[in-house]
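Just so you know, all these numbers are worked out from the coordinates, no wet-lab data involved. Not measured: the values here are computed from a predicted model. Methodologically, a virtual Cβ is constructed for each residue, glycine included, from the backbone with ideal geometry; neighbour enumeration extends over all protein chains shown.
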Amino acid sequence: MRHRLPLRDEIEADAPLRMLTRQQAAAYCGVSVPTFMLVCPVSPVALGEGKRLERYDIRSLDEWLDNLGKDRASSNDWLAKWDFEHGERSRERP
C-alpha cells in the first residue's frame, strides 16, 4: 500500500513555518515592515535568485529577540541607532 504525499494546505496547517517572508517576520516580531527593516539585524537567507525568495529564519529571529534588553547599552539599540541617523531634533515638536 502506497502512502500519498500530503497536500500543501495540509503541511501548512500542521507544521509551523521555519522560514518567513519579510511581512511574516515583521508580524512575528510584532512590528511594522518599515520598523522591522530598520531595527532587525537578522539577514534574510536567499532560497533562490531575487528578493521574492528571501526568507528570515525563525530561529535567528528568536535568538535576536531573546537577546533584546539584556544589554541596554548595546550597539543593537534601535532607538539610539535611529536617533544617531536622524538626529534627536527630528523627534522634537516644532
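Taking other C-beta atoms within 10 angstrom as a stand-in for reagent exposure, M37, M19 fall in the order M37, M19, fewest first. Within the set of other residues whose C-beta is less than 14 Å from the C-beta of F36, count the net charge using Lys and Arg as +1 and Asp and Glu as -1. Net local charge, F36 excluded: +2. The residues H86, H3, when put in order of fewest to most other Cβ atoms within 10 Å, stand as H3, H86. Once the chain from L47 to D66 is taken as fully extended at 0.36 nm per residue, the excess over their C-alpha distance is 4.3 nm.
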